[in-house]
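Visitor: If you scroll down you'll find the structure; I have some questions about it.
The values are calculated or read from the model by the stated rules, or taken from the named source; none is laboratory data. Bear in mind the structure is a predicted one, so any value in this text is a computation, not a measurement. When we count neighbours, we look across all protein chains shown, and the Cβ atoms used for this are built from the backbone with ideal geometry, even at glycine. The area values use the complete protein model at the heavy-atom level, side chains included, leaving out ligands, DNA and RNA. Shrake-Rupley method; radii C 1.70, N 1.55, O 1.52, S 1.80 Å.
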Amino acid sequence: QVQLVESGGGLAQPGGSLRLSCTDSGRTFSSYAMGWFRQAPGKEREFVAGISWTTSDSYADSVKGRFTTSRDNAKNTLYLQMNSLKPGDTALYYCAKSRFGGVTTEAGDYVYWGQGTQVTVSS
């Protein structure tokens, strides 16, 4: 049974940084793409970043150059380093495990989801 557990959310000031982590309890972490999604109040869930099983990464235009995702297969852990945060980044952030090895941006391609961690950017 796969369980994804996120941590690292919280309150940050505009221009600040946060790092999210997501640990996979399963045995196949290294074989699949992982993604980060976010959902703000009143908005649809949107793709933020993803990393393939070969560590090729992909980003939404809104976060490109500010966010970096990485993975440590030895620790079954996914990371999202968020720099130069903006109030518009405020959302509930989810990590998700894909059914594929390559990154896709469709939430329906992701089979397992974490519970979400809140990120709030405010002065």
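Visitor: What dipole magnitude, in Debye to the nearest 20, does the chain give about its Cα centre under +1 on Lys/Arg Cβ and -1 on Asp/Glu Cβ?
Guide: So the dipole magnitude of the chain works out to roughly 160 debye.
Visitor: With a 1.4 Å probe and every protein chain kept in, tell me what percent of the accessible surface of the chain is carbon plus sulfur.
Guide: Looking at the chain in its full context, I get 46 percent from C and S.
Visitor: Probe of 1.4 angstrom, ligands and nucleic acids ignored: what's the accessible area per residue over the chain, in square angstrom?
Guide: 51 Å²
Visitor: Toward the positive end of the charge dipole of the range 39-123, about the Cα centre and with charges on Cβ (Lys, Arg +1; Asp, Glu -1), which of Ala60, Ser84, Val103 goes farthest?
Guide: So the residue we want is Ser84.
Visitor: Hey, another quick one. Once each part is reduced to its C-alpha centroid, what is the distance from the range 109-123 to the range 1-62 in angstrom?
Guide: The range 109-123 and the range 1-62 have Cα centres spaced 7 Å from each other.
Visitor: Continuing with the same structure: Relative contact order for the range 29-123 using alpha-carbon pairs under 8 Å, separation at least 6, rounded to a whole percent?
Guide: 32 percent
Visitor: Have a look at Thr28, Thr104, Thr77 and tell me which one the Gaussian network model of the chain (Cα, springs below 10 Å) gives the largest fluctuation.
Guide: Thr28
Visitor: Next question, about the same structure. Only Cα pairs within less than 10 Å get springs; with that Gaussian network setup on the chain, which residue of Ala74, Ala91, Ala40 has the largest fluctuation?
Guide: Ala74
Visitor: A further question follows. Starting from one equal scatterer on each C-alpha and no solvent at all, send me the Debye-based log10 I(q)/I(0) for the range 82-123 at q = 0.23, 0.31 Å⁻¹, two decimals.
Guide: Results for the range 82-123 at q = 0.23, 0.31 Å⁻¹ read -0.82, -1.01.
Visitor: Within the chain, which is the longest segment that contains none of the trypsin sites (Lys or Arg not before Pro) sitting in a DSSP loop with at most 14 other Cβ atoms within 10 Å?
Guide: The segment 65-98 is the longest one with no such site.
Visitor: Tally the DSSP beta bridges in the chain and give the antiparallel ones as a percent, rounded to 5.
Guide: 90 percent
Visitor: So, one more: Excluding residues fewer than 8 places away in the same chain, name every one of the lysines whose C-alpha is closer than 18 Å to that of Lys43.
Guide: Lys43 reaches Lys86.
Visitor: Can you spot the lysines whose alpha carbon is less than 20 Å from Lys97's alpha carbon? Ignore those fewer than 8 places along the same chain.
Guide: The qualifying lysines are Lys75.
Visitor: Which loop-located GluC sites (Glu not before Pro) does the range 1-72 contain, where loop means any DSSP state but H, G, I, E or B and the Cβ has at most 16 other Cβ atoms within 10 Å?
Guide: Glu44
Visitor: Show me, for the range 98-112, the HN-Hα J-couplings you get by feeding each phi into the Karplus relation (A = 6.51, B = -1.76, C = 1.60, θ = phi - 60°), rounded to Hz, glycine and proline as x.
Guide: 7, 8, 10, x, x, 6, 10, 9, 8, 4, x, 7, 9, 8, 10
Visitor: Springs between alpha-carbon atoms under 10 Å, Gaussian network over the chain: tell me which of Val63, Val111, Val103 tops the mean-square fluctuations.
Guide: Of Val63, Val111, Val103, the most mobile in the Gaussian network model is Val111.
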